[in-house]
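Q: This is the structure I want to talk about, given as structure tokens.
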Amino acid sequence: MSCALATAVQRDAEMLALRLIETPRVRAARERTRATLLQDPLAQTPDGRLGLDRALDQWLLALTMRVVNADASRPQVIWNVYNPPRVWLGHTYPGAAVAIDNPDNTNREIPIDGAGSYEIRGGFSIKPTQFTIEIVADFDGYAGLGRTLVALTIQTIVSEAGSFTITVSPEPAQGRPNHLQSELGLLWIFARDSMPDWSQTVTALEVRRTDGRPQPPVRSEDELVEDIVASMPVWVGFWSRFKDGLLGCPEPNCLVGPNGRPGGWGFLAGGRFRLSDDEALLITTTDGEANYTGFQISDPWTISPDPIHRLANLSKAQVKPNSDGSFTYIVASLDPGFHNWIDTVGLSEGWMLLRWQGLPPTTDPATLVRSVTQVRSVTQVRFDDLARALPPDVPRICLEERAAQVALRIAHHARRLKQ
């Protein structure tokens, strides 16, 4: 198999998408959509107005990448929904994201015809990620969160020396391992590598259709443009409203959850933050022996800030525990001098999410949430009172160590883009 992410297929899809978003019809549709977004109450706030164009551009590119890869008769494994910009494969890709995109993830998409049969071949690296693969249905065109039909994780996939084959068809598994049962319609397979340690290498994947059905003609670029323009109002409308109902849109500076993820592959807790420069939010939680945990913030549109050069998120390997094994995160705009700082990157308000994946087996998910993936406390404090509010064993950090912490995440992130 070729390099997991830097493939010729990925290069061609990105270059086509970058060309399509610059066509006059797509640019005109973007400006019409922008005019609508300016009427959103969030656009009247400083952070909302500042982040509007970035959010729109990331939503547009994510849509375009999905349209480019929507041919279920010629399925491809395409990396999408990841917002840091990257210079690779002979071009600059500005990033594409929706829904509090997780910097610890690489999210790849495969379109399938639910009536067809497919084979996905994969290979885990020597240091594997927390890998999840699921079939999702019931999109409004391309937009929406969809309904998970079935999911497999690295804990349930049967592999030999790291290699595995997953079959996909409308037939039930009937005891077969590594089978995803589909249903009629255009469906999406989402493959997610969640990295507790950014030095890990993502899972290699390739797909082929196995039922031998005839292929329709390849869509022209004009047809792709027409699809993007027609889909943009629904797509951007959904993702711009996503913030309004996320977790019930709770009051700021509290957390909702943990809640189970559809398909049973993990849990999340989240909420909104609203802090002035002289305030901080302290959140203490446990990892519940999960293979993967992560904490991140996003802007109020649910688009993540730069996670490479700024500490806008921390994965399991990037945090340090308290003496009792718990973890205390400090969400603040200023460096507090403690290791587990979540940098708000100048935002006064936005979203925060905690995730747990690869938890120990349990027959009682409710008990697991209450007793294992427990959010122990959420406390808003004045920045000057921070040291007094924290337990004495919360790990501290000096300026030299902070610089090393950031340098390490930059180096580890660069590994994802190696060709």
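The values are calculated or read from the model by the stated rules, or taken from the named source; none is laboratory data. Because the structure is a prediction, the values reported are computed rather than measured. Positions of Cβ are generated from backbone atoms using ideal geometry, with glycine treated the same way; all protein chains shown enter the neighbour counts.
Q: Among the residues of the stretch 246-272, write down those that are farther than 18 Å from Leu282 by Cα and within 19 Å of the chain's Cα centre (by Cα).
A: Correct list: Leu246, Leu247, Asn259, Gly260, Arg261, Pro262, Gly263, Gly264, Trp265, Gly266, Phe267.
Q: Is it true that Pro111 is at negative phi and in a loop (DSSP other than H, G, I, E, B)?
A: no
Q: Considering only the stretch 223-240, I want to know if a residue exists there that is within 30 Å of Leu386 (Cβ to Cβ), surrounded by 20 or more Cβ atoms within 10 Å (Cβ to Cβ), modelled with pLDDT of 95 or more and not small (Gly, Ala, Ser).
A: No, because not a single residue in the stretch 223-240 is within 30 Å of Leu386 (Cβ to Cβ), surrounded by 20 or more Cβ atoms within 10 Å (Cβ to Cβ), modelled with pLDDT of 95 or more and not small (Gly, Ala, Ser).
Q: Something else about it: Can you tell me which residues in the stretch 102-126 are in contact with a Gly (Cβ under 7 Å, 6 or more places away or on another chain) and either under 22 Å from Gln357 (Cα atoms) or outside the structural domain of Ala72 (by TED's automatic domain parsing) (or both)?
A: Those that are in contact with a Gly (Cβ under 7 Å, 6 or more places away or on another chain) and either under 22 Å from Gln357 (Cα atoms) or outside the structural domain of Ala72 (by TED's automatic domain parsing) (or both): Asn102, Asp104, Gly123, Phe124.
Q: Related question: So, of the residues in the stretch 36-72 that are of a type in the set (Gly, Ala, Ser) and touching an Asp or Glu at 6+ places or on another chain (Cβ under 7 Å), which turns out to be farthest from Val26 (Cα to Cα)?
A: Ala72
Q: Do we find a residue being farther than 30 Å from Pro392 by Cβ and not polar (S, T, N, Q) anywhere in the stretch 254-261?
A: yes
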